[in-house]
Amino acid sequence: MQIDKILDLVIDKGASDLHISVGSPPVVRLQGKLRALNTPPLSPEDTLALMKAITSERCQQELAEKGGADFGFGFGEKARFRVSIFKQKGNVGMVLRQISNKLLTLEQIGLPPAVKTLLTRPRGMFLCTGPTGSGKSTTLASCIDFINQEMDAHIITIEDPIEFYHSHKKSIITQREIGVDVGSFDEAIRRALRQDPDVILVGEMRDLETISAAITAAETGHLLFGTLHTMGAAETINRIVDAFPTNQQEQVKTQLSQALMCVISQALVPKAEGSGRLAAHEIMVLTPAIAHLIREGKIFRINSEIQTGSRYGMQLMDDALFEFFKKRQIKYQDMMERCVNPNEMIAKVRESGLAGVARMGGEPPAEPPADASARQRKR
């Protein structure tokens, strides 16, 4: 079995991920669903050979020493892949995520025009959040490409691994890979501040040191992009504050109220008709009222400000999902799986007279699912 043929199939089918594991045929993720290829199960020798076909000696050494490694590689001009190789039950496994070589525009990924205005600001923290596989990297790559085309700036990206390759356009682009060009995210951010940056992209704000360095960079007059695995602006702010020791949290709230510019949370939803997925966005823009709530620790009230902040381009995730459903672009069940407040969404569907449409994609329950109330309390 040749890796080239498998990757060609992944690209042709538009699959987002490829799973290579002993005892199973290669498995692809299509429209969010796992599908096994019609081939014999892979042997330990198969997975080892497939891994070696795309993995550098450095990453093979890291796999042997640490049990895993992450890297990116280009498959000719067709696509790039982000690869995670690992050991499981003593054998080699891999997961490859496809990254298109084509950068999408902000309009193509469904972001409102107000986001363009935010991207022209000279400083502040622009956070893109959501679960794994929600398209955060694609969104930030589109934002970077917009700046690259429209502004003369020095853009530094810090990634693990580098996903989208950017060429110099109106801006100068410096792309640094963790483990190859620099040791860690926080070290890369600190060094970036001495490299005359205008824009810094941090691939993942995964620990206290990185978050602290990112806030400092935004405070000192840079436009900083970052990602977090959170859903919603309120949860994102809480996650950042909770990353710090208790005796530093009041200071961090003050810093965020000044440095934060916006939080965009997103979820990918299968289209009701045909193939493909739509990106639903929650958008919070820092206003004086929201900055005050952050300083005072009243994060739970931020959703109310988002709901009434449409003039600033703000919207809640549930409102974005409901608009897709109302236009028959997504199914009821898919909307309910991704909404934040199931109780309110069920009521909204009934009040809008769309219960009949909902029945076509699944009867709206008289009561929310058993775990819905717990989910709401958690949020």
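The values are calculated or read from the model by the stated rules, or taken from the named source; none is laboratory data. Fair warning: this is a prediction, and the values are worked out from it, not measured in the lab. Cβ atoms come from the backbone with ideal geometry, glycine included; neighbour counts cover every protein chain shown.
Those strands (runs of 3 or more DSSP E) of the range 25-128 in which at least 1 residues are under 23 Å from S167 (Cα atoms), among the aliphatic types (A, V, I, L, M) and in contact with a Cys (Cβ under 9 Å, 6 or more places away or on another chain), considering only elements entirely within it, cover 79-88. Assessment of the range 207-225 against the conditions (under 16 Å from the mean Cα position of the chain (by Cα) and hydroxyl-bearing (S, T, Y)) yields no matching residue. If only residues of the range 183-206 that are assigned to a loop (DSSP other than H, G, I, E, B) and basic (K, R) are counted, the one that is farthest from S84 (Cα to Cα) is R194.
Figure legend. Inter-residue proximity from the range 286-297: first residues farther than 10 Å from K253 by Cβ, second residues at pLDDT 95 or above and not in a helix (DSSP H, G or I), beta-carbon distance below 6 Å, spacing 6+ or different chains. Indicated pairs: L286/L260; L286/M261.
Test V180 against the stated conditions and say whether it is assigned to a helix (DSSP H, G or I) and either touching a residue at least 12 places away in the same chain (Cβ under 8 Å) or over 16 Å from P122 (Cα atoms) (or both).
No.
Which residue is farthest from M125 (Cα to Cα), if the candidates are limited to the range 190-204 and must be without any contact (Cβ under 8 Å) to a residue 60 or more places away in the chain and under 20 Å from the mean Cα position of the chain (by Cα)? Please lay out each step first, then the result.
Narrowing the range 190-204 to residues without any contact (Cβ under 8 Å) to a residue 60 or more places away in the chain: 190-197, 199-200, 202, 204.
Subset that is under 20 Å from the mean Cα position of the chain (by Cα): 199-200, 202, 204.
Values: V199: 10, I200: 10, V202: 11, E204: 13 Å.
Among those residues, the one meeting the criterion is E204.
Say whether the condition of being on the phi > 0 side of the Ramachandran plot and surrounded by fewer than 21 Cβ atoms within 10 Å (Cβ to Cβ) is met by at least one residue in the range 160-175. Within the range 160-175, none of the residues are on the phi > 0 side of the Ramachandran plot and surrounded by fewer than 21 Cβ atoms within 10 Å (Cβ to Cβ). Checked across the range 298-314, the condition of being part of a strand (DSSP E or B) and either touching a Ser or Thr at 6+ places or on another chain (Cβ under 6 Å) or not small (G, A, S) (or both) holds for no residue. If the condition is being over 23 Å from L224 (Cβ atoms) and surrounded by fewer than 19 Cβ atoms within 10 Å (Cβ to Cβ), then the range 251-271 contributes P270, K271. For the range 94-111, the criterion of being over 28 Å from D4 (Cα atoms), surrounded by 15 or more Cβ atoms within 10 Å (Cβ to Cβ) and touching a Gly at 6+ places or on another chain (Cβ under 8 Å) is met by at least one residue.
P112 meets each of the listed conditions (1) closer than 18 Å to G203 by Cα; (2) modelled with pLDDT under 95; (3) more than 15 Å from the chain's Cα centre (by Cα) apart from (1).
Note on the range 55-83: residues that are in contact with a Gly (Cβ under 7 Å, 6 or more places away or on another chain) and small (G, A, S) amount to 0. On the given criteria, is A366 at pLDDT below 95, in a helix (DSSP H, G or I) and not assigned by TED's automatic domain parsing to the domain that holds A233? No; evaluated as a whole, the condition is false for this residue.
Only one of the listed residues (T139, T157, T132) is surrounded by fewer than 21 Cβ atoms within 10 Å (Cβ to Cβ) and either within 22 Å of R97 (Cβ to Cβ) or among the hydroxyl-bearing types (S, T, Y) (or both). That residue is T132. The residue of the range 271-289 that is modelled with the highest pLDDT, among those that are outside any strand (DSSP E or B) and touching a strand residue (DSSP E or B) at 6+ places or on another chain (Cβ under 7 Å), is L286.
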